[in-house]
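Just below is one structure, and these are the notes that go with it.
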Amino acid sequence: MNPISLDPLRSSFAALRAQGLRARDAARQLGLSEGAVMAAHAVSQMSPQQASDSLLATVPLDGDWVRILQGLESVGPVMALTRNEHVVHEKVGAYRNVSAQGPVGLAIGPEIDLRLFLMHWHAGFHVVERDAQGLKPEQHSLQFFDRHGQAVHKVHARAQTDLAALEDLVQRHARPGTQPTFEAASATHHRDRPDADIDCLGLGEAWSNMKDTHEFFELLKRFQVGRLQALRLMEGVHTRRTPLVAIEQVLHEAARTGLSIMVFAGNAGCLQIHTGAVHRIEAFGPWLNVLDEGFNLHLRADAIHESWLVSKPTDDGVVTSIELFDADGGLIAMFFGERKPGRTEQTAWRHLAQSSAQSSGDHTAQREAA
């Protein structure tokens, strides 16, 4: 017999989930962050499926994020999920080579490739969710949130996952009986400095003298310029606008030719990377999807407000990317050709990316025409 929650929040959340809403959307319907809903389902015992009075139960984890992620190597294949408002990036594989220097970490493996910004990690949970009809097995995941309750990263068990090893990892890091708290997100958005206050000549010179793409972040800090603002100020020199539909064309052509690409997507706390070919590209409503074994991407094409072709010089030659931004200037995702240090960029990728910008015209009108 399935337990029935007497808690109104838990009952309301369960009802929304039963309607097919994702946890994030169900939490929004309740006027809460996803992290706050997970905290509201926290139990005081190490076996949440036995201790809970609802179909969802969580056990809070300690804050030793690096050791938790390092411990995932023993559990075998899982699905790593990182998202922002407009894109979901999912990779299946094992966590390997997890390390950190201070608040910045890495996970570098053939499938799961992450850049971790741990200063934004505030709370984590072992989450167990059951099917109301009892027809499906329990779903286990580790979920991590920032101080506003927004998910920074999730790890979902798969059929091949060693659940005993996962339970052992949770045992070592669980803090049952605690309940993390979250604070409301600020309604204000970051505003760039006025263009007139930016040293555009210095910015252009420093850009031209880059030796590695990783220098770009320091360049933005040095000149106190926003990422999208920098692309706009360097338009015609290092950047060009592309049609908003360019990335769909690029993905289809990459799939047709077997071109190996890199897809970067994430949020303030985690950047997740896919490297390899893409195969099945499909659109469902506003969603542009990559639906491959081991890699799924779900991109809200209607959220793309600006699309840019970006060139960055390096010691290995120019590196070309397509970068997508939303209406608030937030970075949605970045696309590169596969490359390795010490090697030049693939000519096929550069030609494909550059061709996407040939008919740039009025970028807003082209979304409507599409």
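Throughout, read-outs are computed from the coordinates displayed, never taken from laboratory work. Predicted, not measured: the structure shown is a model, and the values here were computed from it. Ideal geometry is used to build each Cβ from the backbone, glycine not excepted, and the neighbour counts take in all protein chains shown.
A few notes on this one:
- Normalising the Debye intensity of the chain to I(0), with uniform scatterers on Cα atoms only, and taking log10 at q = 0.11, 0.12 Å⁻¹ returns -0.83, -0.97.
- Lys, Arg +1 and Asp, Glu -1 on Cβ, resulting dipole of the chain about Cα centre, debye, nearest 20: 200
- Value of [θ]222 nm, deg cm²/dmol, for the chain, DSSP H segments ≥ 4, -39500 (n - 2.57) each, nearest 500: -7500 deg cm²/dmol
- More than 14 angstrom apart: percent of Cα pairs within the range 298-337: 48
- Relative contact order, percent, the range 182-327 [alpha-carbon distance under 8 Å, six or more residues apart]: 22
- The chain: relative contact order as a whole-number percent, Cα under 8 Å and 6+ apart: 16
- Using a Förster distance of 22 Å, the FRET efficiency for ARG158-ARG22 (Cβ separation, nearest 0.05): 0.75
- Other residues whose C-beta falls under 14 angstrom from the C-beta of ALA94 contribute a net charge of -1, scoring Lys and Arg +1 and Asp and Glu -1.
- Net +/- balance of residues flanking THR320 in space, Cβ distance below 13 Å, scoring K and R +1, D and E -1: 0
- Additional length obtainable on full extension of the chain from GLU167 to LEU291, 0.36 nm per residue less Cα span: 41.7 nm
- Radius of gyration and maximum dimension Dmax of the range 222-370, Cα, Å: 14.8, 42
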